[in-house]
1. For region 244-286, which positions are basic (Lys, Arg) and more than 28 Å from Trp296 (Cβ to Cβ)?
2. Considering only residues that are within 15 Å of Ser304 (Cα to Cα), more than 15 Å from the chain's Cα centre (by Cα) and open to solvent by 10 Å² or more (accessible area, probe 1.4 Å), which ones fall in region 237-256?
3. Need the failing condition index for Thr266 against (1) farther than 22 Å from Thr441 by Cβ; (2) free of Cβ contacts under 8 Å to residues at least 12 places away in the same chain, just the number.
4. Consider Ala234 against the criteria (1) open to solvent by 40 Å² or more (accessible area, probe 1.4 Å); (2) under 30 Å from Leu30 (Cβ atoms); (3) touching an Asp or Glu at 6+ places or on another chain (Cβ under 8 Å): it satisfies all of them except one. Which criterion is unmet?
5. Go through region 275-299 and count every residue that is open to solvent by 20 Å² or more (accessible area, probe 1.4 Å), part of a helix (DSSP H, G or I) and touching a Phe, Trp or Tyr at 6+ places or on another chain (Cβ under 9 Å).
6. Can you find a residue in region 231-248 that is in a loop (DSSP other than H, G, I, E, B) and within 18 Å of Trp134 (Cα to Cα)?
7. Starting from region 279-295, take each residue that is of a type outside the set (Phe, Trp, Tyr) and list its partners that are in a loop (DSSP other than H, G, I, E, B), counting only C-beta distances under 7 angstrom and pairs at least six apart or across chains.
8. Of all residues being of a type in the set (Ser, Thr, Tyr) and crowded, with 24+ Cβ neighbours inside 10 Å in region 205-226, which is nearest to Met459 (Cα to Cα)? Just the residue, please.
Amino acid sequence: MRLQVILRYVGIILLINAVFLFLSAAISFLKGDSAFFSLSYTFLISVLFGVFPFVFVPPAKEISSQEGFAILVSSWLLACLFGMVPYMMWGGEFSMTNAWFESVSGFTTTGSSILTDIEALPDGLLFWRSATHWIGGVGIIVFALAVMPSMGKVGMALYRTEVSPLAAMNFKLQTKKTLEIIMYVYAGLTVLQTVALLFCGLPLFDAVTHSFATIATGGFSTKNLSVAHYGSAAVEVVIMIFMILSGINFGLLFMAVSGRVRALFTSTVFRYYVIALFVGVVLSVINIHGTIFTGWPDALRYGSFQIISIATSTGFATTDSNVWPPFVQLLLLFFTLQCACSGSTSGGIKADRMVIFWHAVKKRIKKIEHPHVVMKSKIDHIAIEDDILEASLLFLVLYIAIVFLSSVLLSAMGLDIMTAFSASAATMGNVGPGFGMVGSTGNFSQIPELGKWILTGNMLLGRLEIYGIFLFLLLRFWR
């Protein structure tokens, strides 16, 4: 591998970070808060480390797949590393471990937090915290390619390392056009939600930061009580709508906006996603009515918000789901594992893989019944190649195995089984809240230090869909 090539493209990522650090520092300066120095210092070192390799290392015409994965993983790790600097310099609750946890949680759009008092943070730092969601939500590499579209074959190679085959199946266009679509939808949804929240009465700062967190399906709020702080049904409805939209494949959304609405409703994955959300909401509302909420309107309001928030891996909260009936908690755990669609900003196993899984089960049953039959699994008349089918099923096994292993490790540290399992599932799925100590109204501050490092590993594995980090770390040793 050519180290200088890797450094050049990682430098671009640091320059993108620097742009948002500059905006955060500007907000801090205008507000006169205590985060200005820490944000300005991090901006300067990000510019320095980003500019030198970008200026002095010539662009490569082509990169190998190994270099592509090295750029991908290094970009995420260094973005998180530089992202933790403002937290550490500001102090407060941010030890080195806590600052790393908060930074990784932000960039991976997990939304889990170690903060017990979010509102103690200055506005500049709160904006940076939300901005890490927005940078990471669309994918650091995809974001870089969108603002630096002249990378040619290098761009195509990096795009393939960042975007999973499942997401790419729904984009039948050239890489450059696909990136344009992703960024148009991403930026458009952010602007639309910001305007909608302004109409609901939110201040501009709150509207922007909550839009960053929603469209990235991240869940960092600027308030201790999350969305519950506003006590507004209108705000909750707006956020629910945009959480659902952000969980849909951006290619399908673009086609719908372009007038090809039929493509949206003929998509098997989209139909499964919507039906699963609807069934989840109905079952949760029925179960919390009478036990948690006496009236149907409250049961519908809080039940639907919590299901949609978890099912899209956003993680906002309007109530304490720790006290909900066990059936609804299991329902929320299912959505914590599954989440929304590939090609969106959502985490988790993805609805696409669940559809592929059931097609694989159906295929196996038919093969048992008719051993000599030759058949292809198809979704929306598109044949699912055997390598994608195998990769999806292997991903499911690896995903569950990692959640189980990290749950065992957390349990060995003295955490109760519900906290250990839900924290592992929530971080692996980039969802945010779990149950027990890490419930929707709690935080991760009481998790042991080693446990926090394990959970940040989960966040990165989940965000890079396992294979990226595995290939980066292990491929050379297997040869």
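The values are calculated or read from the model by the stated rules, or taken from the named source; none is laboratory data. Given the structure is predicted, the values throughout are model-derived calculations rather than measurements. All Cβ positions, glycine included, derive from the backbone under ideal geometry; neighbour counts span all protein chains shown. Please note that ligands, DNA and RNA were not included when accessible areas were found on the heavy atoms of the full protein model with its side chains. Shrake-Rupley method; radii C 1.70, N 1.55, O 1.52, S 1.80 Å.
1. First pass over region 244-286, keeping only residues basic (Lys, Arg): 260, 262, 271.
Across region 244-286, the qualifying residues are Arg260, Arg262.
2. Hits for region 237-256 are Val237, Val238, Met240, Ile241.
3. (2)
4. Here Ala234 clears every test but (3).
5. Filtering region 275-299 for residues open to solvent by 20 Å² or more (accessible area, probe 1.4 Å) gives 275, 278-279, 281-283, 286-287, 289-298.
Imposing the further condition that a residue be part of a helix (DSSP H, G or I) reduces the set to 275, 278-279, 281-283, 286-287, 296-298.
From what is left, the residues that are touching a Phe, Trp or Tyr at 6+ places or on another chain (Cβ under 9 Å) are 283, 287.
Number satisfying all stated conditions: 2.
6. Scanning region 231-248, I find at least one residue that is in a loop (DSSP other than H, G, I, E, B) and within 18 Å of Trp134 (Cα to Cα), so the answer is yes.
7. Filtered contacts from region 279-295: Asn287/Pro325; Ile288/Trp324; Ile288/Pro325; Thr291/Pro325; Ile292/Trp324.
8. Thr217
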